[in-house]
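This report concerns only the one structure given below.
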Amino acid sequence: MPPPIDPTPPPNAEAKTLAQSLLHLRHAALSYIGADGLPAISRIAFGLDAAGVPLTLISALAPHLAGLQAHPPCALLLGEPGPKGDPLTHPRLMLRAKAMVTAPDERPVLREIWLARHPKAKLYVDFADFAFVRLHPVDALLNAGFGKASRFTTDDLRNP
């Protein structure tokens with residue numbers, strides 16, 4: 001049996017611009033497989049590193065760090081419903097990714113990038129149990145409202 005055909009088109013310039021704006025939000029919902037093998041979800045602080053790769057800062061006390069270390073494939077949902085109208089008509093980006101804890105030598109540069117975007121993190125960014133985690137994109141699906149969906153490759157995400 002042939003694989004199903006994906007009816008979702010690649011992004012046009014407008015969709016790429018919208019996706020890039022969603023990638024600049026400060027928070028996201030993270031879906032992951034917990035260390036126990038069961039699905040879970042968490043709201044995370046979100047940002048991009050200097051190369052535009054999604055990034056988060058997670059405490060070792062948070063179950064999603066152990067989950068991502070045990071099972072790197074994950075997904076993020078970026079976008080919030082507006083104050084009016086049907087929440088399902090507001091744009092959102094589902095990003096599938098693979099998580100990787102960053103190397104200790106990257107910490108000083110990532111710390112500066114992170115604090116520029118999340119200044120309140122200065123209270124805890126230097127705690128020993130916190131780690132930066134890159135969320136390397138695999139692909140993405142933009143839902144920009146009814147009948148306005150686009151499927152993104154990693155190249156589409158890098159080249160707005």
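For (1) touching a residue at least 60 places away in the same chain (Cβ under 8 Å); (2) of a type in the set (D, E, K, R); (3) closer than 16 Å to P10 by Cα, each residue gets a yes or a no:
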position	(1), (2), (3)
G79	no, no, no
L93	yes, no, yes
A103	no, no, no
P108	no, no, no
L115	no, no, no
Y124	yes, no, no
R134	yes, yes, no
D156	yes, yes, yes
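Please go through region 101-159 and pick out each residue that is under 27 Å from T89 (Cβ atoms), of a type outside the set (G, A, S) and outside any loop (DSSP other than H, G, I, E, B).
Selection gives L135, P137, V138, D139, L141, L142, N143, R151, F152, T153, D156, L157.
Quick one: count up the residues across region 81-104 that are exposed (fewer than 14 other Cβ atoms within 10 Å of the Cβ) and touching a Ser or Thr at 6+ places or on another chain (Cβ under 9 Å).
Residues in region 81-104 being exposed (fewer than 14 other Cβ atoms within 10 Å of the Cβ) and touching a Ser or Thr at 6+ places or on another chain (Cβ under 9 Å): 2 in total.
Considering only residues that are touching a Phe, Trp or Tyr at 6+ places or on another chain (Cβ under 9 Å) and within 26 Å of D156 (Cβ to Cβ), which ones fall in region 37-56?
I41, A45, G47, D49, P54, L55, T56
When the residues of region 35-44 are narrowed to those that are more than 13 Å from M94 (Cβ to Cβ) and at pLDDT 95 or above, which ends up surrounded by the most Cβ atoms within 10 Å (Cβ to Cβ)?
The selected residue is I44.
Quick check, is F127 aromatic (F, W, Y) and either under 28 Å from L18 (Cα atoms) or touching a Cys at 6+ places or on another chain (Cβ under 8 Å) (or both)?
Criteria not met by F127.
Go through region 137-160 and give me each residue that's surrounded by 13 or more Cβ atoms within 10 Å (Cβ to Cβ), of a type outside the set (S, T, N, Q) and under 23 Å from P72 (Cα atoms).
Within region 137-160, P137, V138, D139, A140, L141, L142, R151, F152, D156, L157 meet the criteria.
Is at least one residue of region 121-133 out of contact with any strand residue (DSSP E or B) (no Cβ under 7 Å at 6 or more places or on another chain) and farther than 20 Å from A60 by Cα?
No, there is no match, as no residue in region 121-133 is out of contact with any strand residue (DSSP E or B) (no Cβ under 7 Å at 6 or more places or on another chain) and farther than 20 Å from A60 by Cα.
Return the residues of region 129-159 that are more than 27 Å from A103 (Cβ to Cβ) and small (G, A, S); say none if nothing qualifies.
Result: A144, G145, G147, A149, S150.
If you check L78, L65, L57, which single one turns out to be surrounded by 15 or more Cβ atoms within 10 Å (Cβ to Cβ), within 18 Å of P137 (Cα to Cα) and under 11 Å from the mean Cα position of the chain (by Cα)?
L78
The values are calculated or read from the model by the stated rules, or taken from the named source; none is laboratory data. Bear in mind that the values here come from a model prediction, so they are computed numbers and not experimental data. Note: ideal-geometry Cβ built from the backbone for every residue, glycine included; neighbour counts use all protein chains shown.
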